[in-house]
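Here is the structure we will look at.
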Amino acid sequence: MKGYSDVLVGVQYGDEGKARIIDTIAQDYDIVARFNGGPNAGHTLEVGNKRIALHQVPSGIFYPDMQLYVGSGCVLNLEKLFDEIREIKASGIALDGRLTISDQLTVIQPHHVLLDRLIGGTIGTTANGIGPAYADQAARMDNYYLKNLRLGDLLDDQSLARRTMIGNYLQLAEKHSISSEGIEETVENIISVAEALSDHISRNPLFMEELAGKGRKVLFEGAQASMLDVTKGTVPFVTSSHTIAGSAYVGGDLSPRYHRKTIGVAKVVMSRVGNGPFVSEFGGVQSESYCDAKDEQGKTRHVKEFEQRSYSVDELLRSSDLFKIGIALRMLGNEYGATTKRPRRIGMLDLMSLHQNCKINGVDELYLTKVDCLADFSKTSLSGIPVVVAYSIDGQEMKYVPGTSAGCRKARPAVEYLPNFSKDLSSARDPALLPAEVHGLISFVERYVGCKVAGIGVGPEREQFIRM
Ligand code: IMP
């Protein structure tokens, strides 16, 4: 019997709640596999009284028989992975015999992290070295010296790995007059972590092919989201990997012959973290620069604790200022980065963008998360739930989302207000018990986007989910 694979991707700017949807649907699969990104991803999963922050280990860890795979399209911070595995094991979850990592993936080297810290600020990266690692992957060599170091290279030849990592670091440190003290110890630690993880590392490029050939069902877990794709997103304010569903069949080490369907995940109150255009943002550029503001030490200024100390949510909600409403929605929705603690920029559900991203990914079914949060709009002065239904530039209606950041910056959203509801949905489990306004909104989205909404999230817990 031949297996199959489905690909799940975020169709906005990330943080759509992909991990919690995977956690809900994972029982239908045998393997959850990552195909892109690295420790820049961050999800917090809550099951019962367990709360686990995942960065590099695929979701689905709460299912004891689930295989977990990290494909060659990912970039890996070995030390962080080691800590993450330790934390997962400490919470009583076994990973031995379940977690497999491709030896073809690129190792994030110390100079990648340093370089990202030096140059990633304008984009607002997560400073994990993601961009520099993918850049070195493409660069391959610098004359006779390796720029890109893959996990398999490291295991094959430790002295080459040592030379590569130290050499790359010294070159960069010297260029920026930065001390390289401690680099030898860091590199030794990376090498010993790789050895310690060797039972998890597959040397077989056909690992996934063989499992699918034996009838196993694969769920590919996209990290980040399609608006952050390195070529199709809001370039240059994007991540450095391909995030689109099609790329699962490159970075996930499986041929596309197994593809069955694509699953999209979107959040009904949108967010974006980091810089770049966000057409439906509450408060526009004011919100963008507020969320990016740093203190004298270069630390994010408007973190959760600052906002909780400084604002009354009710007062903000009553304001007619969209920027303030955005702050209130962030506080109510707890929209702060899991990895970086940065405040996420908040926006209206943008159907123009959602439609385009569902097309690009070939989404067959869509999950909407945080539907319970829509009730917050009933406490605002807005005349309903705002959704963006069109863009125009210089008065000209657009047929598509512009392909450049400059184009997106010029686009003006046309907003439609859908009927409000105030019912608390957090304990709802049955579509029949949802208010008519929620059904109306879902049908509106389905018509606009052209695909079925398969389920909705009404809270962070596994059971706060309704299959439609
Ligand atoms: P990088 O991936 O760290 O290079 O960051 C590039 C951009 O992608 C920045 O705007 C980040 O905030 C954003 N980004 C990276 N990973 C995530 C994620 O998991 N969720 C949301 N945004 C992300």
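The values are calculated or read from the model by the stated rules, or taken from the named source; none is laboratory data. Only a predicted model underlies this, so the values are computations on that prediction, with no experimental measurement involved. A quick note on method: Cβ atoms are made from the backbone with ideal geometry, for glycine too, and the neighbour counts reach across all protein chains shown. Note: accessible area is taken over every heavy atom of the protein model, side chains too, but ligands, DNA and RNA are not part of it. Shrake-Rupley method; radii C 1.70, N 1.55, O 1.52, S 1.80 Å.
A few points about this structure:
- GluC sites (Glu not before Pro) restricted to the stretch 199-298 and DSSP loop, no more than 14 other C-beta within 10 Å: E296
- Between helix 78-90 and the chain: long-axis angle, C-alpha atoms, 0 to 90°, nearest 10: 70 degrees
- Ranked packing of 162-172, 407-417, most packed first, by mean Cβ within 10 Å: 162-172, 407-417
- Portion, in percent, of the accessible area of the chain that falls on carbon or sulfur, probe 1.4 Å: 51 percent
- DSSP-assigned coil residues among chymotrypsin sites (Phe, Trp or Tyr not before Pro) in the stretch 300-335, each with at most 16 further Cβ atoms within 10 Å: Y311
- For the stretch 193-301, radius of gyration divided by Kirkwood radius, i.e. Rg to Rh on alpha-carbons: 1.10
- Semi-axis lengths, largest first, of the ellipsoid equivalent to the stretch 66-204 are 26, 17, 15 Å, with √(5λ) applied to each eigenvalue of the Cα gyration tensor.
- Rel. contact order, % - alpha carbon contacts under 8 angstrom, at least six apart, the chain: 19 percent
- Against the compact-protein benchmark of 2.2 N^0.38 Å, the Cα-based radius of gyration of the stretch 332-392 scales to 1.34.
- Loop-located trypsin sites (Lys or Arg not before Pro) in the stretch 292-389 (DSSP state not H, G, I, E or B) with no more than 10 neighbouring Cβ atoms inside 10 Å: K299.
- Once the Cα gyration tensor of the stretch 347-428 is diagonalised, semi-axes √(5λ) in Å: 27, 18, 9
- For the chain, the longest principal axis of the C-alpha atoms and the axis of helix 158-175 are separated by about 60°.
- Accessible surface computed residue by residue for the chain, with neighbouring protein chains in place and a 1.4 Å probe, gives 42 Å² per residue.
- Amide H within-cut-off set for G37, under 5 Å, with H built and near neighbours excluded: V75
- Tail weight of P(r) past 32 Å, computed on alpha-carbon pairs of the chain, percent: 39 percent
- C-alpha long axis of helix 110-119 to longest principal axis of the chain, angle in °: 40 degrees
- Accessible surface of D83 - all protein chains present, 1.4 Å probe, nearest 10 Å²: 80 Å²
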